[in-house]
Amino acid sequence: QGLNGLNIVGGAGETVLVNVFGNPGTFTNFQMFRNGNAAVDTKVLWNFVDATAVTMTNFSFRGSVLAAYADLQLSGNIEGNTI
């Protein structure tokens, strides 16, 4: 059984790098918080290190997504840039 949420703890002005390993990267009904707050945080970079597929359903990436080798299947939104 996978996780259904992530709470990033850190200073409000700090940039956070989230390295995601494994293939595929799948997020379904997943929630993201910064210090317990669900507000959009553009200082987060999601780095899909080795994924060739990233799928998200009912999820919003808060921040930017780096998935250089992956096909993206999105049902949600990205609150930042996609690379």
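The values are calculated or read from the model by the stated rules, or taken from the named source; none is laboratory data. Fair warning: this is a prediction, and the values are worked out from it, not measured in the lab. For neighbour counting, all protein chains shown are included, and Cβ atoms are generated from backbone atoms with ideal geometry for every residue, glycine included. Protein only, heavy atoms only, side chains kept; ligands, DNA and RNA dropped before computing areas. Shrake-Rupley method; radii C 1.70, N 1.55, O 1.52, S 1.80 Å.
Couple of notes before you dig in:
- Phe59 being without any contact (Cβ under 8 Å) to a residue 60 or more places away in the chain and either surrounded by 15 or more Cβ atoms within 10 Å (Cβ to Cβ) or in contact with a Leu (Cβ under 8 Å, 6 or more places away or on another chain) (or both): yes
- Selected residue (criterion: least open to solvent (accessible area, probe 1.4 Å)) from residues of the stretch 19-56 that are hydrophobic (A, V, I, L, M, F, W, C) and not in a strand (DSSP E or B): Ala51
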